[in-house]
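The values are calculated or read from the model by the stated rules, or taken from the named source; none is laboratory data. As the structure is a computational prediction, the values presented were derived from the model and not from experiment. Counting neighbours? That spans all protein chains shown, and the Cβs are built from the backbone with ideal geometry, glycine included.
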Amino acid sequence: MTQTAQKLVVIGAGMASGRVLETLFEEAPGAFEVTLFGAEPRGNYNRIMLSPVLSGEKTYEEIVTHDAAWYAEHGVNCRFGEAVEGIDRSRKVVITEKGETQYDKLVIATGSDPLIIPVAGKDLPGVITYRDLDDTNAMIAAAEKPGAKAVVIGGGLLGLEAAAGLKLRGMEVTVLHLMPHLMERQLDPAAGYLLQKDLESRGIRIHTGANTHKITGETCVTGVRLDDGTEYEADIVCMAVGIRPATALAKEAGLACGRGLHVDDQMITSDEDVLAVGECVEHRGMCYGLVAPLYDMAKVAARSLAGVAAEYTGSVTSTKLKVTGVDLFSAGDFAEGAEREEIVLRDASRGVYKRLVIEENKIVGAVMYGDTADGNWFFGLLKDGTDISEMRETLIFGPAYAGGSPLDPMAAVAALPDEAEICGCNGICKGQITTAIAGGATTLDLVRGQTKASGSCGTCTGLVEQLLAVTLGDEYAAPAAKSICGCTDLTHEDVRRLIKSQKLTSMQAVFQAGNWKTSCGCHVCRPALNFYLLADWPDEYQDDPQSRFVNERNHANIQKDGTFSVVPRMWGGITTPGELRAIADAADKFQVPTVKVTGGQRIDLLGVKKQDLPAIWADLNAAGLVSGHAYAKGLRTVKTCVGTDHCRFGTQDSTGLGIKIEKRMWGSWTPHKVKMAVSGCPRNCAEATCKDVGVICVDSGYEVSVAGAAGMDVKETELLGKSSTEEEALDLIVAFVQLYRENAKYLDRPYKWVAKVGMDWVKERVVEDPDSRAALVARFDHSQTIYQKDPWAERANDEVTKRWSPMADLTLEAAE
Amino acid sequence: MSWIDIGALEDIPPRGARVVRTALGCVALFRTAQNEVFAIDDACPHKGGPLSEGIVHGKSVTCPLHNWVISLETGAVQGPDEGQVRSFAVRVAEGRIQLDTSLAGRSAA
């Protein structure tokens, strides 16, 4: 038999088919030439991590599992965004808009469709499902509107994760659930109650027993009306009532389908050349919507394709809710029955609830709330059908007590058998992890890389770390949190606390107090420390130019050929003929090769030699121009539109406010660069809503919003506060920037920092507490008395020219 | 070996650098926190970045363009990256910095 590659076509580029391909390339490299169709215009990402993306705890980039390079490496022909319209099994082709694709083997992994309840208004704009990245982005976009309200229909796993994410995004969230308690398929009423309390304490409104009558609105969603007449206002309605296997394509192709696409234990459909995996599948009467069974199916399907014997016999599933701070675990069947007994543990003050359902001395169901550390242990006993009569007395206390061993989490992990499952998402058991550790995977990253354990939802990371500790003993150095650099074990947050609490005012003091392992730090920690010290102790600390990156040390941006760029400040984007003449003269005099208008409404002179910088600055200074700090982790520009002076739509003097902000804040150093804008009306010509700080003028005053981004990430700003006067708007901005200066990690832009501390935390200090705001403003203004100096004027002299010129020119010396 | 006077130690800031034009191209003179002086090529082997503009730490300098770290003692690139720049003989005598005379001359390499 010749070894020519067979043609494999895969429909659906989700997690199940991704795992099929991974396994297939391991088991039978080169055996198949793969074409992958995906309805979404992107490759495979970790769909179960959409909730952290929605809540802002992760970015899309962080959850990508297969990038373009991976597909390229394995020769996968990716046809993303191209929907498959039909399958002709007699000719073995898949049909799309662009034509036909031949296959020898076909894998269907079309996943599931969200269920839409058939009520009036279900098709209105603003009704969103929660299945993919586009849905997630639509919800994130909706949450950007200040004071926006969301109604989530469905109090199951998906709906609650959506609700928690939208709440974290600042929306007012109501969850409508048809059944009497939340997550009734996974939780008993007691745990459902604890969950409801927990979510309510986070400000999420929960309405159980809610029967949706209609979704209201004329041109877009405005609310939801229940059968009992209750009405909730809504800017968006998230429909998360369930999923249904997506089988339309398979049905049309004449494949046997029930609720889902029928497959046998080898994942083969009624056509022996067509396999199917994932949420679209029905196996032994079961359809699955959780990731672990999908992965099990995927492995079997890949082996079937590779000609290796494998068999899928169904999965017992467990559930964890991915809402930060909510610990919930559920597995098996926990309905009461005549033959069933239960063991319950409650600790009201800690909000802990555990319940085991036992039948014939075996665990058949487990529900845990508040403390789920033992979940995997119970789940292992459940799946293995272990007889628990021996340990029944202490069973509920978990493995730490089983057999009377001491209460020590390490002992609990050590006591687990090798078959105990640690990572539910990827089906990795303890034995596989300890084998990897023995084989040299001595860090969490290495274990993840080799076994995938804790690589999906990440909730078992703690267990994997404990396994590392138990297996390696003292050799395992737990990575507490990520330290600044190799010079120290402290994190940025640790160091900022240390500097404030111990009043450390010099770099050496920080090195000493923080047990630095190097004598003078490195290029990573020193710029950070220099900023922390000057921000916290403007009077005591002396700025250290040798701890600054080249651009800030030289007050100009280095270019790839070693020359520099010069950007004078143009207050609010306003300039004069005189200034423009001075810029033109300087460009001529110093033979500037490129003159460019920047995105921040000013002019960049590119290609100036370092030794010419002081002289060109002197010329610009003479015309009244100062440094634009275009090189600084500091205030860059305040972009403005023309406002009431000229614009027929302008509501306030946006240019004037922009100039005032820039005059007040120029020269201040910040953890990363800060860009601002002021728009004179909501048409937003100055693009204020993607800046670090943006002001939108309205008839009634000023809307100050913060934490936008338009770089590697693109993000709309969030409303900080409204003010009726310019003075108050300025104070809000200054206080926000000072809070950022005092608390953010070096090189975190405001949007990253706000995502970590939360907008509520910021508002408490900047908006709601007038004393706190005033103190922040005072500290900023004080710092400005020291740092608001034109660095060009200070350096535009012969002394600096001399220092910045070569020390000697040996090419002029005669050689001996 | 014969030496040629370049300037005073104080002409270079501690943890800083200055450039000398030589027959072999620009050479960067570094002064560490411990007042040691080193001389290496002023061009990173990666993309030619001016090492004299980098941050000096210990006996290393970090290139300002892409953060390659180069040993001042040997000119070798440190860590995961690989490469080498030339290093040159330099000494400090009575507060004066002196370079190897062979770097002088009009015939640029």
Qualifying strands (runs of 3 or more DSSP E) (wholly inside the range A:135-228; at least 2 residues being of a type in the set (A, V, I, L, M, F, W, C)): A:149-153, A:172-177, A:223-226
Might you let me know whether the range A:707-730 holds any residue that is aliphatic (A, V, I, L, M), in a helix (DSSP H, G or I) and within 25 Å of the chain's Cα centre (by Cα)? no
Of the residues that make up the range B:3-22, is at least one among the small types (Gly, Ala, Ser) and either outside any strand (DSSP E or B) or more than 11 Å from chain A (Cβ to nearest Cβ) (or both)? no
Of all residues in the range A:609-638 being touching a helix residue (DSSP H, G or I) at 6+ places or on another chain (Cβ under 6 Å) and part of a strand (DSSP E or B), which is farthest from residue A:595 (Cα to Cα)? A:635
Under the condition of being charged (D, E, K, R) and under 30 Å from the mean Cα position of the chain (by Cα), which residue from the range A:415-449 is modelled with the highest pLDDT? A:430
Candidate set from the range A:494-513 (those that are outside any loop (DSSP other than H, G, I, E, B) and not aliphatic (A, V, I, L, M)); member that is modelled with the highest pLDDT: A:496
For the range B:39-58: of the residues being among the small types (Gly, Ala, Ser) and either more than 7 Å from chain A (Cβ to nearest Cβ) or crowded, with 24+ Cβ neighbours inside 10 Å (or both), which is nearest to residue B:27 (Cα to Cα)? B:39
Of those in the range A:697-714 that are surrounded by 22 or more Cβ atoms within 10 Å (Cβ to Cβ) and not hydroxyl-bearing (Ser, Thr, Tyr), the residue farthest from residue A:763 (Cα to Cα) is A:697
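Mind checking which residues of the range A:359-391 are farther than 19 Å from residue A:413 by Cβ and in contact (Cβ under 8 Å) with a residue 24 or more places away in the chain? Don't jump to the end; show me each part of the working.
So the first thing to find is which residues in the range A:359-391 are farther than 19 Å from residue A:413 by Cβ, and the list is A:359-365, A:367, A:369-370, A:385, A:387-390.
Result: A:361, A:362, A:363, A:364, A:365, A:367, A:369, A:370, A:387, A:388, A:389.
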Among A:724, A:805, which is within 14 Å of chain B (Cβ to nearest Cβ), in contact (Cβ under 8 Å) with a residue 12 or more places away in the chain, over 29 Å from residue A:599 (Cβ atoms) and not hydrophobic (A, V, I, L, M, F, W, C)? A:805
Could you list, in sequence order, the residues of the range B:64-85 that are facing chain A (nearest Cβ under 8 Å) and among the aliphatic types (A, V, I, L, M)? B:65, B:69
Would you confirm whether any residue within the range A:514-522 is assigned to a helix (DSSP H, G or I) and either over 32 Å from the mean Cα position of the chain (by Cα) or within 11 Å of another protein chain (Cβ to nearest Cβ) (or both)? no
Within the range A:245-263, is even one residue surrounded by 19 or more Cβ atoms within 10 Å (Cβ to Cβ), under 27 Å from residue A:45 (Cβ atoms) and basic (Lys, Arg)? no
Single residue of the range A:784-796 satisfying the filter (modelled with pLDDT of 90 or more and not in a helix (DSSP H, G or I)) that is farthest from the other protein chains (Cβ to nearest Cβ): A:788
All but one of (1) buried (at least 17 other Cβ atoms within 10 Å of the Cβ); (2) within 14 Å of chain B (Cβ to nearest Cβ) hold for residue A:561; state the number of the condition that does not hold. (1)
Matching residues in the range A:526-550 - criterion: being crowded, with 19+ Cβ neighbours inside 10 Å, facing chain B (nearest Cβ under 8 Å) and of a type outside the set (Lys, Arg): A:527, A:547, A:549, A:550
Quick check, is residue A:783 crowded, with 17+ Cβ neighbours inside 10 Å and under 30 Å from residue A:722 (Cβ atoms)? yes
Is there a residue in the range A:71-87 that is surrounded by fewer than 20 Cβ atoms within 10 Å (Cβ to Cβ), of a type in the set (D, E, K, R) and within 23 Å of residue A:455 (Cβ to Cβ)? yes
Please verify whether residue A:796 is hydrophobic (A, V, I, L, M, F, W, C) and free of Cβ contacts under 8 Å to residues at least 60 places away in the same chain, treating the condition exactly as stated. no
Matching residues, the range A:773-793, being free of Cβ contacts under 8 Å to residues at least 40 places away in the same chain and touching a Leu at 6+ places or on another chain (Cβ under 9 Å): none
Any chance the range A:16-38 includes a residue that's assigned to a loop (DSSP other than H, G, I, E, B) and without any contact (Cβ under 8 Å) to a residue 24 or more places away in the chain? yes
Among the residues of the range A:790-807, are any over 38 Å from the mean Cα position of the chain (by Cα), farther than 21 Å from residue A:631 by Cβ, surrounded by 13 or more Cβ atoms within 10 Å (Cβ to Cβ) and of a type outside the set (D, E, K, R)? yes
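Take the residues of the range A:119-132 that are surrounded by 17 or more Cβ atoms within 10 Å (Cβ to Cβ) and touching a strand residue (DSSP E or B) at 6+ places or on another chain (Cβ under 7 Å): which is farthest from residue A:705 (Cα to Cα)?
In this case the residue turns out to be A:121.
Report, by residue number, each residue of the range A:523-559 that is charged (D, E, K, R) and in a helix (DSSP H, G or I).
Hits for the range A:523-559 are A:526, A:536, A:552, A:553.
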The residue from A:7, A:58 that alone is surrounded by 13 or more Cβ atoms within 10 Å (Cβ to Cβ), of a type outside the set (A, V, I, L, M, F, W, C) and outside any loop (DSSP other than H, G, I, E, B) is A:7
In the set B:92, B:27, B:61, which member is more than 8 Å from chain A (Cβ to nearest Cβ), part of a strand (DSSP E or B) and surrounded by fewer than 22 Cβ atoms within 10 Å (Cβ to Cβ)? B:92
Within the range A:188-197, does at least one residue satisfy the condition of being farther than 30 Å from residue A:751 by Cα, acidic (Asp, Glu) and touching a residue at least 24 places away in the same chain (Cβ under 8 Å)? yes
When both residues are 6+ apart or on different chains and their Cβ atoms are under 7 Å apart, which pairs have a first residue that lies in the range A:627-646 and is in contact (Cβ under 8 Å) with a residue 12 or more places away in the chain, and a second that is part of a strand (DSSP E or B) and small (Gly, Ala, Ser)? A:638/A:677; A:639/A:677; A:640/A:677; A:641/A:679
